[in-house]
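What follows draws every value from the coordinates through simple rules; no lab data is involved. All of these numbers come straight from a predicted model, not from anything done at the bench. Positions of Cβ are generated from backbone atoms using ideal geometry, with glycine treated the same way; all protein chains shown enter the neighbour counts.
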Amino acid sequence: MKKIIITAAVLVGINAAANAQQVNANNASGTAQQAVQLALSNALEITFVAANAATGATVALPFTTSDHYENGVESDEQQLKIRSNKNFGITVKTSAATFTVNDGQNTSSSSMPTSVLGLAVTDNNTGGLLGQGFSSSTYNSLSATATNLITGAGRGGNQNFKVKYKATPGFAYPAGLYATDVIFTATQQ
């Protein structure tokens, strides 16, 4: 009799388990799916770090002694940062072939060529190579023609480089405030 009761209990347990599985198998389920697309465009920005803008502060090079005229005057380092989602290159040029001059009363074109202004790349953290004639130890003369400053730079959010200027006008030009714009252009490759 004990065996019948135990057998009956086992059968009831098996039947209950089978019914539970059958109830779970009858539960409904569903899925939903959605595509997500990222519409990325080419992104490129070049800024002067100190100004956090595309226009840097004016670089003043005062000539106050005869040695300055003969040996030139160097600027402090100027740091630029590029953010790009593609590899890029950088060119540099001046806004005109000659400096403008303000003699205290008028501003006009001068005969001083922008080639008296040289540029050296003192630090390059772009992953690119310096253009022909540019180095960290010598100054390359600038002109109104765009010249490759850095080629093959890698993409990233904090690609940067530093430059210094040196002007060596000699004694051929009268007193005045001489100015030109130096234009750095980053172009994705």
In degrees, nearest 10, range 0 to 90: what is the angle between the Cα axis of helix 2-25 and the longest Cα principal axis of the chain? 40 degrees
Only sites in a loop by DSSP and with at most 14 other Cβ atoms within 10 Å count here; which trypsin sites (Lys or Arg not before Pro) in segment 50-158 make the cut? 86
Classify the chain from the C-alpha gyration tensor, please: rounded if a/c falls under 1.5, else prolate or oblate depending on whether a/b exceeds b/c. prolate
For the chain, what is the relative contact order in percent, using Cα pairs closer than 8 Å and at least 6 residues apart in sequence? 28 percent
Could you tell me the relative contact order of segment 21-86? Use alpha-carbon pairs under 8 Å, at least six residues apart, and round to a whole percent. 39 percent
At most 15 other Cβ within 10 Å, DSSP loop - chymotrypsin sites (Phe, Trp or Tyr not before Pro), segment 154-189: 171
